[in-house]
Amino acid sequence: HLGEDRDDLASTASLTTLQIALAYIAVISLLYVFVPGLFLHGFFIEDPLAADRHAEIRRMAAMLLQFVAAYNLLDATQMVFVGTLKGAGDTRFLLNVSIVLAFLLAGVSWLSVQVWHLSVFGCWTLIVFWCWIAAATYVIRFWRGQWRSMRVIENPNPSPKYGVGEDIES
């Protein structure tokens, strides 16, 4: 819709896409939290000698799926707003943020393992927090609205902002 100079419709489309993405991911995430066995079943062979060890690993995997559930919601948010910003041409901002976030994740991951000696759950907590930072960054950029005036391809003959037969005062 930006090619039509209808940033209002582009915004509406982005927010509608966010609602659809979050609804879909919410269903998947709820399944991860409440029915983890649905996803884990195929990873375990029936071995009576390893039943105790498998039970412990299943509990850990089920807990990790809860982290994935949180990550999914944040990642869906990121994907929608990165797509909007990218489609508008806000690529320099996206590149800069991606570089900063990549170095941040690499640094925090190294510190988590080598210095802080965090458990797998501690590391995943930091990853989910990192995803929250990324999602919040893109949401804020979207709401600030700089993308609304950007165009990937400049239109030499911009169409009027109003439809045919619609006057400005209506």
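The values are calculated or read from the model by the stated rules, or taken from the named source; none is laboratory data. Note that this is a predicted model, so its numbers are computed, not measured. With ideal geometry, Cβ positions are generated from the backbone for all residues, glycine too; neighbour counts draw on all protein chains shown. Areas reflect the complete protein model, heavy atoms only, side chains present, ligands, DNA and RNA absent. Shrake-Rupley method; radii C 1.70, N 1.55, O 1.52, S 1.80 Å.
Residues in the range 127-143 that are open to solvent by 50 Å² or more (accessible area, probe 1.4 Å) and of a type in the set (Lys, Arg): there are none.
Being part of a helix (DSSP H, G or I) and more than 30 Å from Gly122 (Cβ to Cβ) is the requirement here; does Gly42 meet it? Here the answer is no, as Gly42 does not meet what is asked.
Any residue that is in contact (Cβ under 8 Å) with a residue 60 or more places away in the chain and not hydrophobic (A, V, I, L, M, F, W, C) - is there at least one of those in the range 90-112?
Just the residues of the range 90-112 that are in contact (Cβ under 8 Å) with a residue 60 or more places away in the chain, to begin with: 90.
Within this subset, residues satisfying the condition of being not hydrophobic (A, V, I, L, M, F, W, C) are 90.
Looking for residues that are in contact (Cβ under 8 Å) with a residue 60 or more places away in the chain and not hydrophobic (A, V, I, L, M, F, W, C), one finds at least one in the range 90-112, hence yes.
Residues in the range 109-147 that are touching an Asp or Glu at 6+ places or on another chain (Cβ under 8 Å) and of a type in the set (Phe, Trp, Tyr): Trp147 only. Residues that are among the basic types (Lys, Arg), within 29 Å of Leu38 (Cβ to Cβ) and surrounded by 13 or more Cβ atoms within 10 Å (Cβ to Cβ) are absent from the range 75-87. Being among the polar types (S, T, N, Q), at pLDDT 90 or above and assigned to a helix (DSSP H, G or I), is that true of even one residue in the range 144-166? So far as the range 144-166 goes, yes, one or more of its residues are among the polar types (S, T, N, Q), at pLDDT 90 or above and assigned to a helix (DSSP H, G or I). Determine, yes or no, whether Thr91 is over 28 Å from Arg6 (Cα atoms) and open to solvent by 70 Å² or more (accessible area, probe 1.4 Å). Here the answer is no, as Thr91 does not meet what is asked. Within the range 130-144, residues that are under 14 Å from Ala88 (Cα atoms) have Cβ atoms under 7 Å from residues that are modelled with pLDDT of 95 or more and among the hydrophobic types (A, V, I, L, M, F, W, C) in these pairs: Tyr138/Phe81; Tyr138/Val82; Tyr138/Leu85; Arg141/Leu85; Arg141/Phe93; Phe142/Phe81; Phe142/Leu85, counting only partners at least 6 apart in sequence or on another chain. If you filter the range 103-122 down to residues that are among the polar types (S, T, N, Q) and over 21 Å from the mean Cα position of the chain (by Cα), you find that the one that is nearest to Ala61 (Cα to Cα) is Ser119. Scanning the range 16-38 for residues that are under 15 Å from Gln78 (Cα atoms) and either touching a strand residue (DSSP E or B) at 6+ places or on another chain (Cβ under 9 Å) or exposed (fewer than 14 other Cβ atoms within 10 Å of the Cβ) (or both) yields Thr16, Gln19, Ile20, Ala23, Tyr24.
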